[in-house]
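Right, one structure below, let's go through it.
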Amino acid sequence: MRGPPAGPRVLLRRLREIMAEPISAQERLNKIVTQIAANMVAEVCSAYVLRSDGVLELYATEGLKAESVHRAQLRVGQGLVGTIAEEARPLNLPDAQSHPAFQYLPETGEEQYSAFLGVPILRAGRTLGVLVVQNRTHRTYYDEEVEALQTTAMVLAEMLAVGELERLAPPGTQIDLKRPLTVAGVSLGEGVGLGHVVLHEPRVVITALIGEDAEAESARLDAAIASLRLFVDDMLSRDDIGESGEHRDVLEAYRMFANDRGWARRMHEAIRNGLSAEAAVEKVQSDTRARLQRQIDPFLRDRLHDFDDLANRLLRVLMNKPHGLSGDELPRDAILVARNMGAAELLDYDRERIRGLVLEEGGPTSHVTIVARALGIASVGRAGNIVSLVENGDAIIVDGIGGEVHIRPPADVESAYAEKVRFRAKRQEQYRLLRDRPAVTRDGHRVSLLMNAGLLVDLPHLVEAGAEGIGLFRTELQFMIAARMPKLREQQALYGSVLDAAGDRPVTFRTLDIGGDKVLPYFRTAEEENPAMGWRAIRLGLDRPGLLRMQIRALLQAAAGRELRIMLPMVTDLDEIRQTRGLIDRDLAHLRRHGYEAPARVLVGAMVEVPALLFDLDGLVREVDFLSVGSNDLLQFMTATDRGNMRVASRFDALSRPFLRALRQIVRKAESVGMPVTLCGEMAGNPIAAMALIALGYRSLSMSAAAIGPVKAMTHALPAAKLATALDTILDDGSQEGTVRAMLTAFAEAEGVPL
């Protein structure tokens with residue numbers, strides 16, 4: 001019986017020598033397959049490369065007919081080679097021709113061979129080709145031979161990754177690794193970004209694939225694993241992690257992987273087969289990623305991110321490399337690509353160099369999305385598997401309007417988007433011309449367009465966009481991007497800077513809206529089954545009066561001698577307003593008693609975002625000085641729809657009859673008592689939704705800075721009274737067919753209102 005090959009270590013050394021020879025790519029590939037065949041005592045060794053059209057083309061062979069190179073082809077899923085590519089796993093057969101997937105290619109002359117071993121050529125879990133050995137005799141290849149061939153396939157994967165085989169592709173085709181791709185996601189931030197990929201967690205480039213001393217490499221691996229396990233244990237022992245919650249669940253998954261003996265054993269086997277410790281980690285990571293990507297079980301697929309992160313950390317420990325990219329390495333047209341990232345991490349990058357953001361995860365209301373939108377960065381989320389599909393430096397286009405990402409786009413697509421960017425620039429110039437003009441409808445109704453903000457980087461947009469003030473300043477963003485609780489002086493400094501930047505324009509500060517999906521790493525909260533409707537916003541503030549009082553005092557001191565507008569989020573019961581007014585009055589008295597200058601006037605308002613308030617509007621207007629409608633949460637709670645759940649977030653339309661009736665009820669009550677009311681949710685920045693709001697009677701809208709121009713252009717062309725009559729009719733007459741959105745679209749088209 002034939003034994004296993006002399007040893008993969010010898011083969012890898014010889015392949016390293018071949019890689020260093022000054023020869024053509026085809027000659028190098030020919031030498032590689034010849035060397036593999038000789039080492040494995042195989043009569044055939046063939047390398048197939050996956051093309052962009054889904055065809056596996058024979059690029060080199062030892063043993064099959066030479067004229068079949070670049071002629072023999074199989075589609076993914078076709079034949080044994082196509083099956084390996086499709087399933088991304090080895091196939092070890094004593095008699096290949098008896099396998100149901102076998103397909104005979106007469107041009108190769110392979111009918112005389114029985115034994116067959118094929119392995120996928122993988123990079124980051126993505127199949128780039130297939131490597132095959134064959135023998136005439138009936139035999140099953142040893143596990144050591146399978147491992148050796150998989151290890152050797154890594155060398156070919158690197159050749160493909162650096163583009164060495166790209167020029168061997170026939171005219172009109174290209175290898176799959178370099179083909180253009182379009183990935184559908186969801187729009188997180190409007191705009192279009194053209195540039196080059198910067199991986200937020202860059203893939204570690206391994207230059208030393210081959211280990212000279214197996215014992216030394218194993219010792220390095222053991223030391224790195226021990227260091228990694230210690231890191232995870234330290235994280236789990238920290239006080240701010242808590243005994244339960246999502247953060248702890250993620251770290252427990254890390255610990256499970258870090259202590260998995262099977263993972264360590266597979267890496268040690270790869271080292272024994274001749275790989276360096278780094279290459280062993282990458283090989284096992286790539287194999288595991290390919291397997292998990294094809295799992296149907298969503299739980300197992302979700303664990304892929306945990307495993308990838310752990311493997312990347314292990315690689316960085318081995319290579320003593322820090323996380324992230326230094327400022328000097330960042331290109332001037334960077335498109336950040338990540339599985340997910342925190343708001344503070346985004347702010348660490350040079351804003352002038354960032355053209356776009358793409359996330360595998362991330363939703364419209366995630367923290368990083370809010371910051372990206374504030375910075376005016378074109379952003380797309382839920383872009384499936386994007387990190388594995390790109391390499392650092394790849395050309396990429398982020399379409400934050402359509403929610404698409406174009407990877408390595410062809411010239412015509414790039415030209416089309418470049419033209420789109422130029423067109424948007426012209427439109428922005430038109431909007432800039434409207435900047436100093438008031439928003440007045442065609443029939444003379446004045447509308448105040450305000451800006452939503454939350455960071456100092458937002459403030460220059462106040463003048464640039466022509467906003468009449470800040471209708472919503474999200475104070476929690478300062479807390480979310482900080483490593484610790486901001487002190488009183490830090491809060492006061494921020495609020496003072498905002499008021500200084502606004503000048504005579506009004507600013508409405510929303511008190512801390514933390515809890516729910518807005519988790520502060522340094523603030524421990526109990527795990528909740530439904531945090532969006534749990535301990536958050538004003539509920540949390542009143543239960544932690546020290547936290548709320550510190551913020552109130554900072555606001556009062558920052559607004560010395562000026563008007564201060566304080567808005568309370570998620571009010572459900574009128575007593576919450578009374579309790580908060582009591583805290584404000586107490587701190588005002590404290591300031592005056594100690595000789596501090598108080599604000600000239602303090603106005604207290606409430607956000608209408610809990611449906612219960614719709615049934616107590618009479619009492620509400622007696623307790624507050626102004627109202628703000630938080631349409632995002634109000635819609636969420638009215639429709640029982642989690643806006644962070646992408647399966648249902650778009651299921652219900654904000655322009656539905658029931659929701660518009662609720663909004664009309666609020667504005668009519670405010671009008672009846674002469675109370676100011678502003679709508680500051682996502683609806684306000686959408687021209688067609690803003691059109692409906694104006695028709696309902698809203699005369700104050702707060703939105704992102706980028707939305708002010710389009711909404712103002714719409715307002716100038718809108719006959720508000722005419723639309724109000726039409727909208728009241730469709731809301732009052734339940735028998736009318738068609739959606740409100742369809743009616744609004746038809747009205748805009750008929751009246752020449754730009755949307």
(Q) Going residue by residue through the range 166-179, is there one that turns out to be part of a strand (DSSP E or B), in contact with an Asp or Glu (Cβ under 7 Å, 6 or more places away or on another chain), in contact (Cβ under 8 Å) with a residue 60 or more places away in the chain and surrounded by fewer than 17 Cβ atoms within 10 Å (Cβ to Cβ)? (A) no
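Residue by residue, here is whether (1) outside the structural domain of G444 (by TED's automatic domain parsing); (2) within 27 Å of the chain's Cα centre (by Cα); (3) of a type in the set (K, R); (4) surrounded by fewer than 18 Cβ atoms within 10 Å (Cβ to Cβ) holds:
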| position | (1), (2), (3), (4) |
| --- | --- |
| S672 | no, no, no, yes |
| N686 | no, yes, no, no |
| S702 | no, yes, no, no |
| I708 | no, yes, no, no |
| L723 | no, no, no, no |
| M743 | no, no, no, no |
| E749 | no, no, no, yes |
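Can you say whether E43 is out of contact with any Cys (no Cβ under 6 Å at 6 or more places or on another chain), closer than 25 Å to A169 by Cβ and modelled with pLDDT of 90 or more, as far as the supplied structure shows?
Values: out of contact with any Cys (no Cβ under 6 Å at 6 or more places or on another chain): yes; closer than 25 Å to A169 by Cβ: no; modelled with pLDDT of 90 or more: yes.
For E43, the condition - out of contact with any Cys (no Cβ under 6 Å at 6 or more places or on another chain), closer than 25 Å to A169 by Cβ and modelled with pLDDT of 90 or more - is not met.
Okay, residues lined up against (1) at pLDDT 95 or above; (2) of a type in the set (A, V, I, L, M):
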| site | (1), (2) |
| --- | --- |
| P521 | no, no |
| E528 | no, no |
| R539 | no, no |
| L555 | yes, yes |
| R562 | yes, no |
Q) Looking at the range 442-457, which of its residues are surrounded by fewer than 21 Cβ atoms within 10 Å (Cβ to Cβ), closer than 18 Å to A690 by Cβ and either in contact with a strand residue (DSSP E or B) (Cβ under 7 Å, 6 or more places away or on another chain) or touching a residue at least 60 places away in the same chain (Cβ under 8 Å) (or both)? A) R442, D443, H445, R446, S448
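Rundown of residues vs (1) farther than 22 Å from W535 by Cβ; (2) under 39 Å from the mean Cα position of the chain (by Cα); (3) in a loop (DSSP other than H, G, I, E, B), yes/no style:
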residue: T580; (1), (2), (3): no, yes, no
residue: L627; (1), (2), (3): yes, yes, no
residue: Q636; (1), (2), (3): no, yes, no
residue: L655; (1), (2), (3): yes, yes, yes
residue: P658; (1), (2), (3): yes, yes, no
Q) In the range 194-234, what residues are polar (S, T, N, Q) and either under 30 Å from R332 (Cβ atoms) or not assigned by TED's automatic domain parsing to the domain that holds M256 (or both)? A) T207
Q) Identify, please: which residue in the range 545-572 is exposed (fewer than 15 other Cβ atoms within 10 Å of the Cβ) and outside any helix (DSSP H, G or I) and is, among those, farthest from the chain's Cα centre (by Cα)? A) G561
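One line per residue, one yes/no per condition, for (1) of a type in the set (V, I, T); (2) within 28 Å of A25 (Cα to Cα):
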| site | (1), (2) |
| --- | --- |
| V69 | yes, yes |
| R75 | no, yes |
| G82 | no, yes |
| L91 | no, yes |
| Q97 | no, no |
| A101 | no, no |
| L105 | no, yes |
| Y113 | no, yes |
(Q) Looking at the range 468-489, can you tell me whether even one residue there is in a helix (DSSP H, G or I) and at pLDDT 90 or above? (A) yes
Q: Return the pairs, sorted by first residue and then second, in which the second residue is β-branched (V, I, T) and surrounded by 10 or more Cβ atoms within 10 Å (Cβ to Cβ), the first residue lies in the range 422-436 and is modelled with pLDDT under 80, the beta carbons are less than 7 Å apart, and the residues are 6+ apart or on different chains.
A: R424/V192
**Q.** Lone unmet requirement of (1) polar (S, T, N, Q); (2) at pLDDT 90 or above; (3) surrounded by fewer than 19 Cβ atoms within 10 Å (Cβ to Cβ); (4) under 40 Å from the mean Cα position of the chain (by Cα) for S68
**A.** (4)
Q. Yes or no: E111 more than 25 Å from R272 (Cβ to Cβ), touching a residue at least 12 places away in the same chain (Cβ under 8 Å) and assigned to a helix (DSSP H, G or I)?
A. yes
Q) Would a scan of the range 641-654 turn up a residue that is hydrophobic (A, V, I, L, M, F, W, C), closer than 20 Å to G189 by Cβ and surrounded by fewer than 18 Cβ atoms within 10 Å (Cβ to Cβ)? A) yes
Q) What is the residue count in the range 458-493 for residues that are closer than 28 Å to R432 by Cα and without any contact (Cβ under 8 Å) to a residue 60 or more places away in the chain? A) 6
Q) So which of P569, P611 is in contact with an Asp or Glu (Cβ under 7 Å, 6 or more places away or on another chain) and at pLDDT 95 or above? A) P569
(Q) Could you go through the range 318-334 and let me know if any residue there is part of a helix (DSSP H, G or I), modelled with pLDDT of 80 or more and not small (G, A, S). (A) yes
Q. Among the residues of the range 575-599, which ones are at pLDDT 95 or above, in contact with an Asp or Glu (Cβ under 9 Å, 6 or more places away or on another chain) and surrounded by fewer than 19 Cβ atoms within 10 Å (Cβ to Cβ)?
A. R578, R581
Q. When the range 698-733 is examined, which residues are found to be in contact with a strand residue (DSSP E or B) (Cβ under 9 Å, 6 or more places away or on another chain) and within 20 Å of K669 (Cα to Cα)?
A. Y698, R699, S700, L701, S702, A720
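The values are calculated or read from the model by the stated rules, or taken from the named source; none is laboratory data. The structure presented is a predicted model; accordingly, all values stated were derived computationally and were not measured. Backbone-built Cβ (ideal geometry, glycine too); neighbour counts: all protein chains shown.
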